[in-house]
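Notes follow once the structure below has been shown.
Derivation of every value follows stated rules applied to the coordinates shown; laboratory data play no part. All values derive from a computational prediction rather than experimental measurement. Note: ideal-geometry Cβ built from the backbone for every residue, glycine included; neighbour counts use all protein chains shown.
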Amino acid sequence: MPASQIVSRSSPAVLLVNPTAGGGRAGAILPRLERFFVSQAIPVEVLRTASSEELAVRAKAAIGNGRRLLISVGGDGTFQGLANAAAGTNTLLGIIPAGGGNDFAAAAGLPKDPIAAAQEILCGLPRAMDLLRARTADGKVRMYAGGGGLGLDAETASYANGTLRHLPGALRYAVGAFCALLQFSAPEVTLDFPDGEHPQSKSIVLLAGVLNTPTYGAGLRFAPEAQPDDGWLDVVLVERLGALEVLEVLPRLIQSGSVGIPQIRRFRARRVRLSANRSTMFHGDGEILGPAPVDIEVARGVVQVLTGRPTPRR
C-alpha cells in the first residue's frame with residue numbers, strides 16, 4: 001500500500017528530526033521537506049529531538065498514538081533511535097539521509113538527495129530489514145542498524161560526535177580517525193562464535209567491526225558483501241597497521257572494499273562475542289553503546305523500511 005494511503009489529517013506522517021545531524025544539515029533541509037510534503041498533499045507532524053534516546057521515546061509515543069508512518073531525518077544514529085522504537089511492530093519507516101554517516105540508507109537503496117528520498121518513500125514498498133542487537137558488559141541491550149565496533153573506530157566515534165561534529169561526514173570520520181590514532185593503544189580482541197561458524201580468534205587490532213551494511217563511517221566499504229536483510233552479521237578485524245599503511249588502504253576501502261592484505265580479515269556469522277584485554281567501549285552507528293565484552297546477534301527482519309526495492313526471496 002502506498003504511503004499516501006496510510007496517512008490522514010488525524011494520523012499524519014511523523015518526521016523525527018535531529019536538527020544538529022550532519023553538522024546542522026538535517027535542520028537546514030527541514031523547510032524544503034515540509035514544502036515537499038505540502039505539495040504532495042501529505043499531512044506531516046514534525047518532532048525535533050536532541051538525541052537518539054529522546055527520539056526513541058517520542059517515536060514510541062507516536063506509535064502508541066496510532067501513527068503508521070514514521071520518517072527519520074538525519075544519519076544512522078537518528079535512524080537507530082527510530083528503529084529501536086519501531087522494531088517488531090507493523091509501523092512503516094522512512095529514512096531521509098541528512099547526517100554525517102548515511103550508510104544504512106545507502107544499503108537500503110535510498111538516494112542521497114533528501115527530496116528524492118522523500119519521493120521514494122511515498123511510492124516505495126516495505127522491505128523487511130535486519131538490525132543487530134548488542135548486549136554490552138553493563139547489561140544494556142540496544143539494536144543498531146549499520147555498523148558498530150570497538151577499538152579505533154569507537155574512539156573515532158567519540159571525536160566525530162564531539163569536537164569534530166561540525167565537519168561533514170566522510171571528512172569528520174577521517175579526521176577523527178587520525179586524531180584517535182595519535183594516542184591509540186591497540187587492544188587484543190577475542191572473537192567467539194557461539195553457533196560454531198568459525199573457531200575462536202585472537203588478534204591485536206586497530207578495530208573490530210560488526211556490520212549489517214557494506215559500509216560505515218560515511219562510506220568506507222569494510223564489508224562489501226554485507227546486506228541488511230540477509231540474516232547475517234559481518235565481522236571485520238583490522239590488525240595493526242602503520243599510519244602510512246592506513247593512508248594506503250583508505251582509498252581502496254572507499255572505492256571497492258577489496259584490500260588484498262592479510263591484516264584485514266572478515267567473517268560471517270549469526271552471533272558473535274567481542275572481548276578485549278583492556279577497557280574499551282563499543283559503538284553502534286557512531287553512538288557509544290557500552291563497554292566490552294559485547295554480545296551481538298542478528299534480529300531478523302524486525303523493521304519495515306520503505307524503499308524502491310522489495311524484500312528479495314531467499
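Specify whether the C-alpha gyration tensor of segment 1-111 places it in the rounded, prolate or oblate class, a ≥ b ≥ c being the square roots of the eigenvalues: rounded for a/c under 1.5, otherwise prolate if a/b is larger than b/c and oblate if not. Judged from the Cα gyration tensor, segment 1-111 comes out rounded (a/c under 1.5). Each Lys or Arg adds one and each Asp or Glu takes one away; over the other residues whose Cβ falls under 10 Å from the Cβ of Leu207, this sums to -3. Listed values for segment 191-196 are Karplus-derived 3J(HN,Hα) couplings in whole Hz (6.51 cos²θ - 1.76 cosθ + 1.60, θ = phi - 60°), namely 9, 10, 10, x, 8, x, and x replaces Gly and Pro. Multiplying the sequence separation of Ala61 and Arg300 by 0.36 nm and subtracting their Cα-Cα distance, what value in nm do you get? Taking 0.36 nm per residue and subtracting the Cα distance, the gain is 83.6 nm.
Extension gain for Asp113 to Lys202 (0.36 nm times residue separation, less C-alpha to C-alpha distance): 27.9 nm. Modelled this way, with points 7 Å down the Cα-to-C-beta line, the labels at Ser185 and Ala128 are 4.7 nm from one another. Taking a sphere under 12 Å around the Cβ of Ala134 and counting the other residues whose Cβ falls inside, with K and R at +1 and D and E at -1, yields a net charge of +1.
Taking 0.36 nm per residue of sequence separation and removing the Cα-Cα distance, the Val38/Ser10 pair yields an extension gain of 8.5 nm.
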